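Single-structure report; data block below.
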Amino acid sequence: MSSELMQTGGLIWITGYSGAGKTTVAQIVSQALREEGLPVLLLDGDDLRSILGEKFGHELDERKRLAYVYSRLCKRVSENGITVVIATVAMFESVRVENRLSNDLYVEAYLDVPLDIRAERDPKGIYRAQAKQNISPTPAGFEEPENPDLILKNYGDTTPQMAAGEIVRHFRQAVQLRQRKQIPVPAVYQDRARYWDAYYQKRGAPIPPSSFAIFCAENFFSDNCHVLEFGCGNGRDTFYFSKKYQVTGIDQSAVAININRQRAKDEQILNIDFVDGDFAGVVGGLPEVVDAVYGRFVIHAISLDDEGKVLGHAHKILKAGGKLYLEFRTDKDSLMQEGTEVGENERVTDHYRRFINVGEFCKRLLAIGFTVDYCIERDGLAKHGDDDPIVARVIARK
């Protein structure tokens, strides 16, 4: 485990009803992290309550106040470079939300154990006492976690050691992700629009249409269709499409768009329109409905969050039966091994790229409402000089 983590600490919040095995699992997690060299503080909700005396009762509002005390105590300790592992019921979503917002390194694990198993264990005699008094075993007002990092079935074939091992593995992954996010990105790449403005100002981008544009036009586009190209760049494919189709090109580089507009004016091309903007954002001037949305080498140049926005906009603007045409670098491309790592499958070389897993990408398309009609991944599709990347071509239908 990294020395950086030892300086910043973290919080592992293990929750579940009484009898779920929280304390046992928390003890195993704490010992495993100590063996990796981390300073760890193990806290147990019952011990903390006994330390705090009778200041907090057992009514719902007092339980919640106590849960907030636990949360803030954990944060204060972790800020001093200690990893806190706490076993607590604290069944309040607002407390867990505060945990996530106030801790840079936070893992929430819910031990989901059925009532009959918990009652059989009943280490504190709570369930027997409740049964005698005809009290519900599930306290009113308790809220099970809505978005835990882990849901663990701590019974049956799942031993406490196995549950603890899952928590430790997830914590390691959270550490690695945090470290990747902290790798500084050169300032020149922080403003991608500025980078692409400079790139297109040099007018060094290829002019002939890409092989993907030719492939789409010759095999898939229907007569009289309207094509929207996002991330059109210098318009190499947009101008090619305009020979036969109505075309709208959009790009976040104002320099590229102005150059394209001037070229369209000079060549008196009337069935083409260029829009300055980011397709992941709110943009005016776009058509309400199109037959095809096309993007080549764009999806891998934007973040995962922006990808979701782009795909959502594409689905909205496409007519029923309209198609989305994409070509992008995948996580099998050798370029992913170069440059500065700034996130999972994200690298910065001359500019930012996110190398995409095709299977996961297709799942995201399906979740939005697309049907994948065509998908291929290999080299030889997008050769340019000595560069022969492994890319995917994906065609999806609304």
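Here, each number is a calculation from the coordinates, and none is a lab measurement. Here the structure is a predicted model, which is why all the values come from computation and not from measurement. Note that each Cβ is placed from the backbone with ideal geometry, even for glycine, and that neighbours are counted across all protein chains shown.
Tabulated data
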item	result
Rel. contact order, % - alpha carbon contacts under 8 angstrom, at least six apart, the chain	12 percent
Extent along principal axes [Cα atoms of the chain; Å; largest to smallest]	86, 45, 37
Angle between the chain longest axis and helix 304-317 axis [Cα atoms, degrees, rounded to 10]	60 degrees
Longest to shortest principal axis, alpha-carbon extents of the range 3-181, angstrom	52, 39, 27
Those trypsin sites (Lys or Arg not before Pro) in the range 21-102 that DSSP places in a loop and that have at most 15 other beta carbons within 10 Å	Lys55
Sites Lys383 and Glu218, calculated FRET efficiency, Cβ-Cβ separation with R0 25 Å, nearest 0.05	0.85
Formal net charge of residues neighbouring Lys153 (Cβ-Cβ distance under 13 Å; K, R +1; D, E -1)	-2
Ascending count of other beta-carbon atoms within 10 Å, so fewest first, for Leu365, Leu41	Leu41, Leu365
Neighbour-limited loop hits for trypsin sites (Lys or Arg not before Pro), the range 297-392 (at most 13 other Cβ within 10 Å; DSSP other than H, G, I, E, B)	Lys383
Ranked Ile28, Ile167, Ile12, criterion: other C-beta atoms within 10 Å, fewest first	Ile28, Ile167, Ile12
Convex hull volume per residue in cubic angstrom - Cα atoms of the range 190-397	119 Å³
Footprinting exposure proxy for Lys244, Lys265 (fewest neighbouring C-beta atoms within 10 Å first)	Lys265, Lys244
The range 190-397, dipole about Cα centre (Lys/Arg Cβ +1, Asp/Glu Cβ -1), debye to the nearest 20	420 debye
Net charge, Phe355 excluded, C-beta distance under 13 Å - Lys, Arg +1, Asp, Glu -1	-4
Sparse-neighbourhood loop sites, GluC sites (Glu not before Pro) in the range 304-398 - DSSP loop, at most 16 other Cβ within 10 angstrom	Glu338, Glu344
Within the chain, percent of DSSP bridges classed antiparallel, to nearest 5	35 percent
